[in-house]
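Single-structure report; data block below.
The numbers here are math on the coordinates, done by the rules we state, and not lab data. Keep in mind it's a predicted model, so treat the numbers as computed, not measured. In this analysis, Cβ positions are derived from the backbone assuming ideal geometry, glycine residues included, and neighbour counts consider all displayed protein chains.
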Amino acid sequence: MANDIIDINVYETTETVSITVNPNLTTININEVTGVGGSQNLQSVTNFGNTTTNSITANSFIKSGGTGANVLLDNGTTTVLANLGTKNDINSKQLQLNYLDRDNSIFDAFYLRTIADSSTFEASNQLLSSLAVLRNISYISQGYTQQINADKFVKLGGAADEYLMADGSISFGGGGGGGATNLAYTASPTNGIVTSNTGTDATLPLADGTNAGLLTAAEKTKISNSVPYTGAVSDVNLGEFGIQLGNLEFDNTPTNIPTAAGSMYYNDTDGTLDLKLKGGNVTLQIGQEQVVRVVNKTATSITLLEANYQAVRITGAQGQRIKVDLAQATTDVLSSETIGLVTETIANNAEGFVTTSGLIRGINTTGSLQSETWLDGDILYLSPTVAGRITKVKPTAPNHLIIIGYVIYAHITQGTIFVKVDNGYELDELHNVKITTAANNNVLAYTSATDIWENKSIATVLGYTPANDSSVVHLTGSETIAGVKTFSSNILIPATGNSLILSTSSGGTVSGLTTTTYPSPDELIWVKGVTSSIQTQFSGKQATLISGNNIKSINGNTILGSGDLTITSSPSQSAFTVLANNTASSAVPTEQIFKNVAEQVYTPTPVWSGTTAPSGTTDHTYMWSQVGNIVNLRINLSYSVAGAALTSVVLALPNDLPTPETPSSVTVVNDVVNYGSGMLTATKVVPASPTAEVCALRLKTLGTPNVFEIYVGRASAGHRYAYAFIQYFV
């Protein structure tokens with residue numbers, strides 16, 4: 001029937017519609033049924049030529065008549081894949097390939113970006129619209145052999161720990177899968193090789209000065225041991241190579257303080273660099289102190305102790321080092337070459353450091369080692385009593401004044417001394433003083449012609465020999481003249497006055513007498529020869545009885561011989577003298593020294609040699625006497641506690657004794673002047689089997705005057721008493 005109209009209602013569940021068209025059928029209406037029965041809205045998709053603005057989602061799109069060899073474009077037409085252009089042309093073709101389909105195969109989740117021939121680069125940050133979403137590529141199974149190049153393939157629903165294999169499967173851990181490429185790496189000292197079981201091996205070269213590459217093992221070690229620009233965590237060892245730089249700055253608050261010799265760090269307390277010296281025992285504050293390396297050659301072969309900070313002097317050189325021994329302020333030889341204090345323990349014949357200027361620290365500076373009390377700021381001197389020791393007691397002549405340094409901090413363990421040795425000078429060491437064979441009573445006189453001071457006798461300086469003042473009549477003043485004075489010429493008598501002055505002629509006749517008390521010369525002549533009481537009075541006043549003219553005898557005893565008798569008043573006599581005739585013939589007696597000094601306390605400090613000196617309560621005494629030029633001296637020492645292994649004791653002469661006469665053969669220190677008798681013992685009784693002992697007076701130091709001491713020695717024992725008796729000439 002012509003112009004028949006057929007309505008077909010399509011529901012959501014409708015899968016196919018079969019239509020049989022009758023010849024007379026003119027219109028077929030396919031109606032979309034909404035509500036009950038489905039919600040799909042095809043919007044008349046099947047109507048020829050109609051379009052829709054809604055998205056259409058389907059598993060596949062099939063081009064009617066398609067063969068599987070072409071690509072469906074966004075305008076509904078198809079084209080051969082090759083017509084899309086090369087990989088470099090893709091970016092210029094604004095193709096909207098929303099879905100590509102070939103025989104129901106779906107491209108899934110693949111973004112394609114521009115691929116260059118020589119390198120991969122991204123032309124822009126915008127997602128290229130040329131190729132959009134591709135799904136489930138399965139061209140290989142469909143016989144498609146063209147290559148798809150992209151910088152990223154994403155499997156829909158894939159995870160980061162999965163691998164997309166060549167056959168489209170998913171693998172965990174890499175490798176495997178049909179025809180997958182397995183890579184391996186082989187290392188060598190010169191390069192690295194990457195091998196593939198499906199492709200060509202690749203060689204990775206070593207890096208050089210121009211090109212990047214692999215690092216050698218040695219270069220890797222260098223990098224791991226390299227010094228960071230900041231923040232090093234371990235020491236840097238440059239081996240035998242140095243550092244060249246414009247400046248070097250030390251950390252002002254170091255926490256890793258080095259202790260090894262040769263290391264250096266900043267000491268913020270003293271504001272300088274500390275350098276650890278050889279041996280690691282001595283730290284030098286650079287710029288603030290000076291030290292010298294010496295060899296210990298003490299005469300007694302002792303170890304010089306840091307704790308005792310002994311003072312040492314130069315005695316020579318050995319092994320290209322200064323040779324030192326203990327210094328002592330008794331002679332120029334023992335003190336003038338003093339250089340400083342021991343600053344580390346130095347064994348005998350070994351080397352060590354001595355501080356010549358600067359601080360020594362960490363020692364006992366309370367003075368207890370010296371039996372003294374030291375305070376901050378005390379001046380310290382070289383000791384004249386104990387070799388190597390220093391003292392705050394200022395030495396006096398004849399001992400030498402050597403300043404060693406100053407107490408900076410008085411402390412029993414952390415004390416500090418600033419060393420600054422000042423050896424002082426002997427008088428003859430001054431540049432404008434010349435001493436030639438000094439003698440007793442020489443004086444220092446200036447000579448303008450030479451611009452120097454010289455030693456001269458008083459007579460040389462005055463131009464004449466001065467007389468003893470007691471023998472001189474002074475020009476002015478009242479004086480009492482003792483004894484008989486003989487004048488070679490007349491004495492001028494003033495015309496007035498009451499002085500008893502007389503002058504005599506060459507024959508002894510009184511030629512002048514001025515007095516208001518005694519007879520005149522004429523009166524004496526009148527009574528000449530008169531005896532009895534007058535003569536007796538004259539005899540009491542007459543100074544000379546002339547032989548032949550005066551009384552010759554008294555009570556029958558001759559009192560005058562052939563000569564005259566001179567009677568004088570009893571003169572006074574000097575203290576500690578006797579009158580004696582010290583000539584080979586008869587002569588008027590002269591005064592000779594006679595002195596007997598009672599026992600008194602012996603105060604000088606005895607110097608013992610041995611292990612332990614005696615100690616405890618002491619009872620030291622001495623006494624002496626002098627007759628003429630002979631001196632006798634006795635010294636007794638007594639202690640309450642005996643010493644140990646003692647061999648000798650040295651005793652200083654007491655200050656009140658006269659200086660011994662020095663024999664011409666005694667010229668060197670320790671030369672013996674005279675032997676005496678003495679003993680060292682542990683008991684006050686005579687030993688049952690005494691061993692040999694020696695007692696001698698010897699020269700201690702040369703000088704003006706010389707200094708002497710007494711030496712008493714005996715075999716080593718625990719002595720408690722010492723006895724000495726010496727006789728010497730003055």
- Query: Each residue of region 717-730 in turn: what ³J(HN,Hα) in whole Hz from Karplus with 6.51, -1.76, 1.60 and θ = phi - 60°, glycine and Pro shown as x?
  - Reply: 6, x, 6, 10, 10, 9, 10, 8, 9, 10, 10, 8, 9, 10
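For V685 and Q320 in the same chain, what is the full-extension length gain: residue separation times 0.36 nm, less their Cα-Cα distance, in nm? Kindly include the intermediate steps, with their values, before the conclusion.
On the way: separation 365, 0.36 × 365 = 131.40 nm, distance 5.51 nm.
Answer, rounded to one decimal: 125.9 nm.
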- Query: Length gain on complete extension for the stretch T704 to E351, per 0.36 nm per residue less the alpha carbon to alpha carbon distance?
  - Reply: 123.3 nm
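Just in region 626-730: which trypsin sites (Lys or Arg not before Pro) are loop by DSSP and have at most 16 other Cβ atoms within 10 Å?
Details: sites: R634, K684, R698, K700, R714, R720; in loops: K684, R720.
Loop-located and lightly packed - K684.
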- Taking H as built 1.01 Å from N, whose amide H comes closer than 5 Å to the amide H of V673, not counting residues under 5 places away? L697, R698, L699
- Inter-label distance for V393 and N70, nm, one decimal - labels placed 7 Å from Cα along Cα-to-Cβ: 13.1 nm
- Item | Among 377-386, 211-220, the order from most to least packed when residues are scored by Cβ within 10 Å on average | 377-386, 211-220
- Evaluate the relative contact order of region 334-405 (contact order divided by residue number), counting alpha-carbon pairs under 8 angstrom at least 6 apart; express in whole percent. 22 percent
- Message: Can you tell me what share of the DSSP beta bridges in region 289-424 is antiparallel? A percent to the nearest 5 is fine.
- Response: 90 percent
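Based on the Cβ-Cβ distance of T78 and A207, what FRET efficiency does E = 1/(1 + (r/R0)^6) give at R0 = 56 Å, to the nearest 0.05?
Details: r = 53 Å, r/R0 = 0.95.
Working from the Cβ atoms, E equals 0.60.
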- Query: Quick one: if the Förster radius is 60 Å, what FRET efficiency do A575 and I302 give, using the C-beta to C-beta distance and rounding to 0.05?
  - Reply: 0.75
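Could you calculate the contour length gain from S368 to N468, that is, 0.36 nm times the residue separation minus the distance between their Cα atoms, to one decimal place in nm?
Numbers: separation 100, 0.36 × 100 = 36.00 nm, distance 5.29 nm.
Roughly 30.7 nm would be gained on extension.
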- Fewest-first sequence of D235, D325 by Cβ atoms within 10 Å of each Cβ: D235, D325
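When a/c reaches 1.5 or more, the comparison of a/b and b/c decides; with that in mind, is region 289-424 rounded, prolate or oblate per its Cα gyration tensor? Don't skip to the answer; put the middle values down first.
Numbers: a/c = 1.72, a/b = 1.23, b/c = 1.39.
It comes out oblate by the Cα gyration axes.
Exceeding 32 Å between C-alpha atoms, which entries from my cross-link table qualify? They are K276/K323; K392/K456; K278/K394. Mind dumping the intermediate values first?
Numbers: K276/K323 23 Å; K392/K456 36 Å; K278/K394 36 Å.
Listed pairs above 32 Å: K392/K456; K278/K394.
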- How do 610-621, 281-292, 334-345, 438-449 rank on mean C-beta neighbours within 10 Å, highest first? 334-345, 281-292, 610-621, 438-449
- Task: Give the Rg (one decimal place) followed by the Dmax (whole number) of region 592-729, computed from C-alpha coordinates and expressed in Å.
- Result: 15.1, 47
